[in-house]
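Some notes on the structure that comes next.
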Amino acid sequence: METIFTKIINREIPAHIVYEDELVLAFLDISPVNHGHTLIIPKEPFVNIFDADPEIFAHMHKVGQKIANALKATGLADGVNLVTNNGEAAGQEVFHSHLHVIPRHSGDKAFQKPTHVTVTPEDLVRTKTALTAAL
Ligand code: AMP
């Protein structure tokens, strides 16, 4: 599986890399929601949460915490959204897993709140039953 992110890992195309260790690479998003928007990717590619190595996926989030703290310390963020888009239905465009660390400032409206569906008590019970059976 080769995507544009493989080329970044292999230094075949430029990127503004802010952090690297043996498992992950973190670099600035080329089309940032806010200044400091960072992507964290596994060096050994997997597509998304559904085929992820859970240890590496967890490590991506540990590094996300490190980057969130750095963004806050530098004044690039007052808050952050951590987001992974998993699958086309969820808006994933690059099929090499990546964790977005999205800096936020009060009132910036950069990242809109989701819409909601209406649920009945029966809906909640049906959903809980299906989910707990699958877990
Ligand atoms: P997603 O919709 O979660 O798959 O997001 C893909 C993200 O990758 C987008 O935010 C893009 O701006 C970002 N992106 C795509 N190509 C590059 C690149 N060459 N360097 C940095 N970020 C990129």
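The values are calculated or read from the model by the stated rules, or taken from the named source; none is laboratory data. Being a predicted model, the structure only gives us computed values, none of them experimental. Positions of Cβ are generated from backbone atoms using ideal geometry, with glycine treated the same way; all protein chains shown enter the neighbour counts. Accessible surface areas use protein heavy atoms only, side chains included; no ligands, DNA or RNA. Shrake-Rupley method; radii C 1.70, N 1.55, O 1.52, S 1.80 Å.
Scan region 43-69 for residues that are outside any loop (DSSP other than H, G, I, E, B), farther than 20 Å from Asn81 by Cβ and not acidic (Asp, Glu) and jot them down.
Passing the criteria: Pro54, Ile56.
Of everything in region 83-110, what is open to solvent by 80 Å² or more (accessible area, probe 1.4 Å) and either at pLDDT 95 or above or in contact with a strand residue (DSSP E or B) (Cβ under 9 Å, 6 or more places away or on another chain) (or both)? Give them in sequence order.
Correct list: Glu88, Ala89, Glu93, Ser106.
Could you grab me the full set of residues in region 1-27 that are outside any loop (DSSP other than H, G, I, E, B), open to solvent by less than 30 Å² (accessible area, probe 1.4 Å) and either more than 8 Å from the ligand (Cβ to nearest atom) or under 30 Å from Ser106 (Cα atoms) (or both)?
Matches in region 1-27: Thr6, Val24, Leu25, Ala26, Phe27.
Return the pair list, or none, for Cβ contacts closer than 6 Å from residues in region 107-135 that are within 26 Å of Leu82 (Cα to Cα) and without any contact (Cβ under 8 Å) to a residue 40 or more places away in the chain to residues that are open to solvent by less than 80 Å² (accessible area, probe 1.4 Å) and not aromatic (Phe, Trp, Tyr), at least 6 apart or on different chains.
Note: no pairs meet the criteria.
Looking for something without any contact (Cβ under 8 Å) to a residue 40 or more places away in the chain, within 12 Å of the ligand (Cβ to nearest atom), open to solvent by 60 Å² or more (accessible area, probe 1.4 Å) and farther than 20 Å from Ile102 by Cα - is there at least one such residue anywhere in region 28-51?
Looking through region 28-51, none of the residues is without any contact (Cβ under 8 Å) to a residue 40 or more places away in the chain, within 12 Å of the ligand (Cβ to nearest atom), open to solvent by 60 Å² or more (accessible area, probe 1.4 Å) and farther than 20 Å from Ile102 by Cα.
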